[in-house]
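Single-structure report; data block below.
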Amino acid sequence: MAPPRFRILRGIAFLHRIWYYRSMTLWFATGNTHKQAELAAILSGHHIKIPAQGGLVDFSPPETGNAFLDNALIKAQALYQAVKAPVIADDSGLCVDALEGRPGIYSSRYGAKPGEPLSSSARNALILQELGDRPQRSARFVCAMVLLLSPDRFFAVQETLEGEILREEQGSRGFGYDPIFYIPGLGCTLAGLTPEEKNRISHRGKAGRRMAALLSSGEV
Ligand code: ITT
């Protein structure tokens, strides 16, 4: 019989093998490194790779859809064409009620002129200017997420996070519209939360955990 230390090592190797085979490599169809960091933490049991790691440095398919879900599927299909392996994609944005849902699917390009994208703080300033003193400040983040396993097989989920638009930026963490997105129940903006706290409540966190549950269900 093998000595105890050898048996423990063999046990660890066995558990590692189980963990490795349950975890999947997922290509994430994004060029946004903030989203990449968030999803890698949300799906921490899996290997998340971005197009640049497959030599696709300029991956940016035209987002021609009229809904978050359409654009998530466009990104997923475009990357699947290139890598021929399971892909996850996220199309997300901020919808402000008093602005009839803007910026919505145009969140990353809001206020941009051709060839001249706005910085995040300039986009935040534009939203604050458009809203002015209006008392109605309700808004939500939306995240449509698609898991594409083969050309004709995909799963989709769309999740939200409700909040309010502040009158000025607050907080220095996160990205994009986080500094103007206030969570009344927490008394701070998303930019005031740690990455773990944000993932726990966010649109992306909720959508990603649904995908994680699906991946560990044994049905995928
Ligand atoms: P990819 O298309 O390459 O994934 P992107 O940033 O262009 O990157 P989207 O088209 O989905 O992604 O646009 C999402 C924009 O919405 C993003 O650039 C932010 O401005 C905003 N956004 C989405 N999720 C956010 C979050 O959690 N916090 C702050 N802003 C967010």
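Each residue of region 33-41 is assigned a 3J(HN,Hα), and the resulting list reads 5, 5, 4, 4, 5, 5, 5, 4, 6 Hz, derived from the Karplus form 6.51 cos²θ - 1.76 cosθ + 1.60 (θ = phi - 60°), x at Gly and Pro. Helix 4-22 and the longest principal axis of the Cα set of the chain meet at an angle near 50°. Among the listed pairs Lys35/Lys84; Lys49/Lys113; Lys84/Lys206; Lys49/Lys198; Lys113/Lys198, those with a Cα-Cα distance over 25 Å are Lys49/Lys113; Lys84/Lys206; Lys113/Lys198. Surface composition of the chain: carbon and sulfur atoms hold 55% of the protein heavy-atom accessible area at a 1.4 Å probe.
Pull up the DSSP beta bridges for the chain and report the antiparallel fraction as a percent, rounded to 5. Taking every DSSP beta bridge with both residues in the chain, the antiparallel ones total about 85 percent. So, R0 is 41 Å and r is the distance between the beta-carbons of Gln170 and Gln81; what FRET efficiency does that work out to, to 0.05? It comes to 0.50.
Counting only protein heavy atoms and a 1.4 Å probe, the chain has 54 square angstrom of accessible area per residue. Less than 5 angstrom separates the built amide H of Gly93 from those of Val142, all sequence-distant by 5 or more or on a different chain. The phi torsions of region 184-195, fed into the Karplus equation with coefficients 6.51, -1.76 and 1.60 and a -60° offset, translate into couplings of x, x, 9, x, 7, 8, 4, 6, x, 9, 6, x Hz, rounded to whole numbers, with Gly and Pro shown as x.
On C-alpha positions alone, give me the angle between the axis of helix 120-131 and the longest principal axis of the chain, in degrees, nearest 10. It is inclined by approximately 40 degrees. Note on the chain: Cα-only Rg and Dmax are 19.9, 77 Å.
For Ile201 and Leu9, the difference between the fully extended length at 0.36 nm per residue and the C-alpha to C-alpha distance is 65.3 nm. Based on DSSP H segments of at least four residues, each scored -39500 (n - 2.57), the chain has a per-residue ellipticity at 222 nm of -11000 deg cm²/dmol. For the chain, the longest principal axis of the C-alpha atoms and the axis of helix 203-215 are separated by about 20°. Derived scalar couplings between HN and Hα for region 110-115 equal 4, x, 7, 9, x, x Hz in order, rounded to whole Hz, by the Karplus curve 6.51 cos²θ - 1.76 cosθ + 1.60 (θ = phi - 60°), x for Gly and Pro.
Distance between the C-alpha centres of region 146-163 and region 35-112: 11 Å, rounded to the whole angstrom.
The values are calculated or read from the model by the stated rules, or taken from the named source; none is laboratory data. Since we're looking at a predicted model, the values are computed, not measured. Neighbour counts run over all protein chains shown; Cβ positions are idealised from the backbone, glycine included. Accessible surface is based on the protein model in full, side chains and every heavy atom, while ligands, DNA and RNA are left aside. Shrake-Rupley method; radii C 1.70, N 1.55, O 1.52, S 1.80 Å.
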